[in-house]
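Report on one structure; see the data block that follows.
The values are calculated or read from the model by the stated rules, or taken from the named source; none is laboratory data. As the structure is a computational prediction, the values presented were derived from the model and not from experiment. Using ideal geometry, Cβ is built from the backbone for each residue, glycine included, and neighbour counts are taken over all protein chains shown. Please note that ligands, DNA and RNA were not included when accessible areas were found on the heavy atoms of the full protein model with its side chains. Shrake-Rupley method; radii C 1.70, N 1.55, O 1.52, S 1.80 Å.
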Number of protein chains: 2
Amino acid sequence: MASGLPDTFKQLRTLVTEDSKLELSLADVKMPTPGDTDIVIRVEATPINPSDLGLLVGAGNLSTLRNEGTKDNPKLVADIPGAGMRAMQARLGQSLAVGNEGAGTVVAAGSSDAAQALMGKTVTGLGGEFYGEYRMLNVAQVMELPEGATARDGASCFVNPLTALSFPETMRMEGHKGLIHTAAASNLGQMLNKICIADGVPLVNVVRKPEQEKILRDLGAQHVVNSSSDTFMEDLIKAIAETKATLAFDAVGGGPLAGQLLTAMEAAANIGAEYSRYGSADPKHVYIYGRLDLSPTTIPPGVGMAWSAGGYLLTYFLQKIGAEGREKLRKRVMAELKTTFASHYTDEISLAEALDPETLQNYNAKRTGEKFLINPTL
Amino acid sequence: MASGLPDTFKQLRTLVTEDSKLELSLADVKMPTPGDTDIVIRVEATPINPSDLGLLVGAGNLSTLRNEGTKDNPKLVADIPGAGMRAMQARLGQSLAVGNEGAGTVVAAGSSDAAQALMGKTVTGLGGEFYGEYRMLNVAQVMELPEGATARDGASCFVNPLTALSFPETMRMEGHKGLIHTAAASNLGQMLNKICIADGVPLVNVVRKPEQEKILRDLGAQHVVNSSSDTFMEDLIKAIAETKATLAFDAVGGGPLAGQLLTAMEAAANIGAEYSRYGSADPKHVYIYGRLDLSPTTIPPGVGMAWSAGGYLLTYFLQKIGAEGREKLRKRVMAELKTTFASHYTDEISLAEALDPETLQNYNAKRTGEKFLINPTL
C-alpha cells in the first residue's frame with residue numbers, strides 16, 4: 001500500500017428516508033486496504049450517465065430540491081411523492097454510493113503481480129461507487145488505458161461503449177437483420193452509428209430535432225427519421241421496410257414511441273404481404289434500455305401478434321456472452337478509444353458542485369449534446 | 001361423394017371496401033369436391049369466440065351499423081374511422097370467410113380410408129370458414145367426437161381448450177412456477193382453473209366483479225383478486241408472493257392492467273430481497289392474448305428491468321410443440337370433453353341471425369357468462 005494516502009475520503013451518497021425524503025450528501029468513508037488482487041484508484045474522471053441518475057435521484061421531486069447543508073458540505077433534500085415511494089421501499093434507510101464507471105491513477109495495490117503491475121498507471125473501471133475521491137476494485141474490473149490516454153479520455157469506457165456494442169451483438173444473437181435506435185443523437189447513439197457503419201449493420205435512427213438529424217447525417221448515417229415531423233410514421237415505415245429492422249433499442253421508454261416503433265415494424269412487414277388476420281408472423285421486439293420519459297409506455301393495438309417489448313440491462317447481456325465475449329468487446333473499446341468510443345463532455349465539475357441544486361437540475365435534464373464529468377480532485 | 005348435397009351453400013363473409021366501409025353478408029359459394037384425404041362437414045354448431053370477432057368486425061364502428069339488405073339475405077354495413085383503416089389495408093377488397101372452429105356431420109368424404117372412416121360421423125374441426133352451411137377440411141384438421149357427444153358438445157374443442165392447456169405448458173417451457181390470468185371467469189378461464197387444480201399449477205385469477213369471484217371460488221380457485229377493489233394492488237402482490245407467479249396471460253390487453261401485473265410481480269419479487277437499483281433479476285412476462293379493451297396497453301416505470309410483454313397466438317404455440325405435443329393435448333381434450341372442457345352457450349342463432357344488427361351488438365359485447373353458438377342448419 002502506498003504511503004501518503006488519507007485515512008478517510010469523500011464519497012457521494014443517496015438516501016431515501018422513512019419520511020419520504022431524498023437526501024444527497026458527501027460522506028467521509030474509511031480508506032480501504034486492498035486485498036492481494038485489489039487496487040485503489042484515485043478517481044480523476046467519472047461521467048454522469050442517465051443510468052447513474054436513476055439511483056442518485058430516484059423518485060425525488062426535484063422541484064422541491066433545497067440545500068440544507070453548506071456549499072462545501074452540501075446536504076440536498078427533496079420530497080418524494082406518495083406514488084413514488086412504492087418503488088423506493090427496497091432502498092429505504094440505506095445510504096448508497098453512486099457512479100457506475102470512472103478512471104484515474106492507481107495509488108495503492110495488493111501484493112499480486114497483476115495488482116502491482118498497475119501501480120501508478122491510469123486505469124478505467126466499472127463497478128459502482130465512483131462518485132468519490134477513491135475507489136477500490138479488483139483488477140478484473142479495470143482496464144489499463146493505452147499510452148497517451150488521460151483519465152478523461154477513458155472515463156466512459158464501459159457503459160456507453162459496451163451498451164452500443166451490445167445492440168448489434170444482440171441483433172445477431174436473436175436473429176434480426178437490422179436495428180432501430182431512439183434518442184439516436186446521444187453520445188451512445190453516435191457510437192452506435194460508427195459501429196453499424198463499420199460493421200455493415202442497417203440502422204434506423206430516430207431523433208426529435210433537425211439539429212440531431214444533422215449530427216447523425218454528418219457521421220454518415222443513412223436512415224434518420226424525426227419523430228416531431230408530420231410525416232414521422234410514413235418515414236419510419238419506409239426506413240424499416242428498407243432496412244428490415246425488426247429490433248429496436250429505445251432510450252425514451254415512456255410515452256407512445258415504443259408503440260409507434262412496433263406499429264411501424266408491423267406496417268412495414270405487411271407491405272406487399274398476403275393478408276393475415278393476425279398480422280405478420282415475423283418477431284418484432286423493442287428493448288427499453290432507458291427512461292428519458294418517465295410516463296407509462298403505451299402500446300396500441302395494430303401491432304399484430306408477433307410483437308414484444310421489455311427491459312434491457314447491459315449486465316444481463318454481459319452475463320449472457322461470457323468471459324470470452326466480454327474480453328472481445330473490451331479489446332475493441334481500447335483499440336478505438338479515441339475514435340469510435342470518444343466521449344465529449346460539456347462540463348467538468350467537482351463532487352461538491354455535483355450537489356449544487358442548480359447544477360443537479362442541469363445534468364438531470366439530460367439535454368442532447370450535454371454531458372457532465374465529475375472530477376473529484378477539483 | 002354423397003349424393004343429395006346442394007351445388008352451392010351460404011357462407012358468412014366480411015369485407016372492407018376502399019371507401020372505408022365494413023360489409024357483412026351471406027355469400028352463395030360452390031360446394032367443393034373433396035380430395036382423397038378431405039371430408040365435407042355439414043356445420044351444425046360453431047361458436048363465436050373473441051378471436052372470430054377481430055376478423056368479423058375489424059375496425060368497423062358498430063354504432064353506425066345498419067342492414068342494407070333484407071332480413072333473410074342481410075347486408076350489414078358499418079363505417080370505418082380513418083385511424084382504423086391503416087390496420088385494414090392488407091385486407092382491402094377481399095371477401096373473407098369467418099369462424100375458427102366448429103362441429104357437425106361428415107356428409108362427403110374422399111377416397112382414402114381415413115376419410116371414408118369418418119362418413120356419417122360427428123366431427124369437430126379447426127381451420128377457419130366455419131360460419132357457413134358446409135366446410136371442407138383435411139382429415140388431419142378434424143377429430144371424431146366420442147360416443148354420445150353432439151355437435152354442440154364438440155363445437156369448441158380447439159380454441160379455448162388448447163389455449164387453456166397452452167398456458168401451463170408455456171409456463172413450464174419458459175421456466176416459470178406459477179400463472180396469472182385475467183378476465184379469469186371466462187369460459188377459457190374456468191377451463192384453466194380446472195386444469196391448474198388437477199395439475200397442481202399455482203394460479204392467480206384476476207376478475208373485475210364479485211359475481212366473477214364467486215364463479216371461480218365455487219370451482220375451487222384459491223387465488224382470486226378483483227381489479228375493481230380498493231385493495232387490488234395489495235391483494236395482487238400478496239397472491240403473487242404466495243404463488244411465485246411470474247408469467248401472466250392477459251385477455252384484456254388495453255389499459256393499465258398488463259402494467260399493474262408487471263408492477264405487482266416486481267413488488268412481490270422485492271419482498272424481503274436486498275435492494276438492487278435495477279430491481280429483481282427474475283424474468284417476468286405478460287402475454288397479451290386478447291384485446292377486450294382496445295385502448296393502448298400502458299406499462300409504467302417501477303416494473304424493474306427484467307420485464308417483458310408481448311402478443312400471444314395459439315398458432316405459434318402449436319407450431320412450437322410439434323405434432324406429438326399437439327396430439328397429446330388433443331387427446332386430453334377428447335377425454336375431458338364433458339368435464340374440464342365443457343362450454344356453456346347462452347344463445348343459439350342461425351347464420352342470418354348472426355347478421356342481425358342488434359344480435360351482433362350483443363355478441364360483440366363479450367359479456368362474461370354470455371356465449372353465442374351459430375347453428376347454420378337453423
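Brief remarks follow.
- Flag for B:Glu101 being within 19 Å of B:Gly154 (Cβ to Cβ) and within 14 Å of chain A (Cβ to nearest Cβ): no
- Top-ranked residue in segment A:130-144 [being in contact with a Lys or Arg (Cβ under 8 Å, 6 or more places away or on another chain) and in a strand (DSSP E or B); ranked as most open to solvent (accessible area, probe 1.4 Å)]: A:Glu144
- Test: residue in segment B:147-160 that is open to solvent by less than 60 Å² (accessible area, probe 1.4 Å) and β-branched (Val, Ile, Thr): yes
- Filtered residue count, segment A:284-301, keeping only those that are out of contact with any Leu (no Cβ under 9 Å at 6 or more places or on another chain), open to solvent by 30 Å² or more (accessible area, probe 1.4 Å) and more than 7 Å from chain B (Cβ to nearest Cβ): 2
- None of B:Gly93, B:Gly69 is surrounded by fewer than 21 Cβ atoms within 10 Å (Cβ to Cβ), modelled with pLDDT of 90 or more and within 16 Å of B:Ala352 (Cα to Cα) except B:Gly69.
- Residue list for segment B:263-319, filter: among the basic types (Lys, Arg) and either closer than 18 Å to B:Ala184 by Cα or in contact (Cβ under 8 Å) with a residue 24 or more places away in the chain (or both): B:Lys284, B:Arg291
- Some residue of segment A:341-353 being assigned to a loop (DSSP other than H, G, I, E, B), more than 16 Å from A:Glu174 (Cβ to Cβ), open to solvent by 60 Å² or more (accessible area, probe 1.4 Å) and more than 9 Å from chain B (Cβ to nearest Cβ): yes
- Subset of segment B:214-237 that is assigned to a helix (DSSP H, G or I) and touching a residue at least 24 places away in the same chain (Cβ under 8 Å) - its residue that is surrounded by the most Cβ atoms within 10 Å (Cβ to Cβ): B:Leu236
- Contacts under 7 angstrom Cβ, first residue in segment B:331-354 being charged (D, E, K, R), partner part of a helix (DSSP H, G or I) and surrounded by fewer than 17 Cβ atoms within 10 Å (Cβ to Cβ), 6 or more apart: B:Glu353/B:Thr359
- Restricting A:Lys366, A:Lys371, A:Lys328 to those that are more than 21 Å from A:Val57 (Cα to Cα) and touching a helix residue (DSSP H, G or I) at 6+ places or on another chain (Cβ under 9 Å) reduces the list to A:Lys328.
- Failed item, numbered, when A:Leu261 is tested on (1) of a type outside the set (Val, Ile, Thr); (2) within 12 Å of another protein chain (Cβ to nearest Cβ); (3) surrounded by 15 or more Cβ atoms within 10 Å (Cβ to Cβ): (2)
- Of all residues in segment B:361-373, those satisfying the criterion of being in contact with a strand residue (DSSP E or B) (Cβ under 7 Å, 6 or more places away or on another chain) and either surrounded by 16 or more Cβ atoms within 10 Å (Cβ to Cβ) or not assigned by TED's automatic domain parsing to the domain that holds B:Asn73 (or both) are B:Tyr363, B:Asn364, B:Lys371, B:Phe372, B:Leu373.
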